[in-house]
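Notes follow once the structure below has been shown.
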Amino acid sequence: MTIGIGGSTAAIELDKIENRTQNVKPIELNEYLERIQKAVRFMKEHSVKVLYINAGTNLYYFTGTLWSASERMVGALLFEDGSLEYIAPKFEEGTFHKYMKVQSAVNCWEEHESPYELIGKLLKNKQLTGGSFAIDESAPYFLVDGISIANRSFSFVNAQQITAGCRMEKSKNEIAIIQQAKDITIEVQKAAAKILRPGITVNEVTDFINKAHIKAGVSSGSYFCIVLFADDTQYPHGVSVPQPLKENEAVIIDTGCRLEGYLSDITRSYVYGEPSEEYRTIWDLEKKTQLAAFEAAQLGSSCGSVDDAARKTLAAAGLSADYSLPGLPHRVGHGTGLDIHEYPYLVRGSEIKLQEGMVVSNEPMICVPGKFGIRHEDHFYMTENGPKWFTIPMHSLDNPFGY
């Protein structure tokens, strides 16, 4: 039996898990203010007069205001002089004030009124009659449509260069929170591996992983959880009717949690029992491919070149250098922070340069049709000396967690 796989129970493993969140330090007000000033610098670089920030992770990132997007406009206007004007429905005003961290005026609209015309009034108050107006890239079309029709004298652009430009480069505080979240999830991964047994169902494992995250101090439990057995593992994001575990079958567990808004995301692949020689060969190739991507991720290198390095390794082993199977059917990695997938992306053709503070996943999954899939997923962040792992990659197929 593979070391660290099976041999225990959910009750025993849950009892071992301790709260690991006591020393987590939330983002403080001064950092939100620094983010706003950074956004203003980007606005000036791109000649943007005003930026609309929509409810969701962008509003939370820049202002600390935790508010979910809905069919009603809730957001903020950031002007090139650094001033901020919130927009919210009148009946939500009292609640909105309780969620604000960066304090500023809340401009309200009644249910029968147009928030888009309210934006026009705020622009006039700022003596703005035209220019470049950047709209949050996450804003739904009805908001983009409403704002642009009501304010035709402005030229509208995608705010992604500003929003993602700020969010891609994490601060030391952000990286510390992400590290803590990943430390929790890797311990949950180790515990989940130990409870496996023939006949265990995906729902049992998923339920345990959720409870384990809660026991570790994350009150919301798992942010997501993908558990796959046998040939189900060939499908990166799961199947509609998962099968229970049998002896000598492949396992993939991909899970994470949210801590102070920031996400962990770790995947582990191994076999319960004895692996086939083909599985062993592909498992080792997956490890080699992940390492090739990591070594290619140097400061100033393009994100696309990291994806290229992984595919060259696969091609040298006789697999596809493109997306056909057996091989790697998707990009090598994605950024992670307040969203599980955010910029930058390690994908072919991306000219985004790796800079200090960027956080990305490294998961060049290899899928073998009709048989299995193997995904090693660890994240790294860019330091002044190059990439650094948040979690140590899988050790070996016979001892995945390096006991």
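The values are calculated or read from the model by the stated rules, or taken from the named source; none is laboratory data. Treat the numbers as computed from the prediction; the structure is a model and nothing was measured. A quick note on method: Cβ atoms are made from the backbone with ideal geometry, for glycine too, and the neighbour counts reach across all protein chains shown. Heads up: the accessible areas ignore ligands, DNA and RNA and are worked out on the full protein's heavy atoms, side chains in. Shrake-Rupley method; radii C 1.70, N 1.55, O 1.52, S 1.80 Å.
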Residues of the chain: accessible area per residue at 1.4 Å, in Å²?
42
Using a Förster distance of 22 Å, the FRET efficiency for TRP389-ILE340 (Cβ separation, nearest 0.05):
0.70
At R0 = 41 Å, FRET efficiency that the Cβ-Cβ distance of ALA150 and LYS172 yields, to 0.05
0.50
On a 0 to 90° scale, report how tilted helix 277-296 is relative to the longest principal axis of the chain, with both axes built from alpha carbons and the result rounded to the nearest 10.
40
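Expected output is a single nm value to one decimal: the length gained when fully extending between SER114 and LYS38, i.e. 0.36 nm times separation in residues minus the C-alpha distance. What is it?
Contour length minus the Cα-Cα distance gives 24.3 nm.
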Suppose R0 equals 41 Å; then what is the FRET efficiency for ASP398 and PHE91 from their Cβ-Cβ distance, rounded to the nearest 0.05?
0.10
Could you give me the radius of gyration and the Dmax of segment 101-159, taking only the C-alpha atoms into account and expressing both in angstrom?
12.0, 32
How far, in nm, would the chain grow between LYS101 and GLU31 when pulled straight, counting 0.36 nm per residue and subtracting the alpha carbon separation?
24.1 nm
Given the options LYS190, LYS90, LYS353, which has the most mean-square fluctuation in a GNM of the chain, springs set between C-alpha atoms less than 10 angstrom apart?
LYS90
Pick out which of PHE42, PHE91, PHE156 has the largest mean-square fluctuation in a Gaussian network model of the chain, springs linking Cα atoms closer than 10 Å.
PHE91
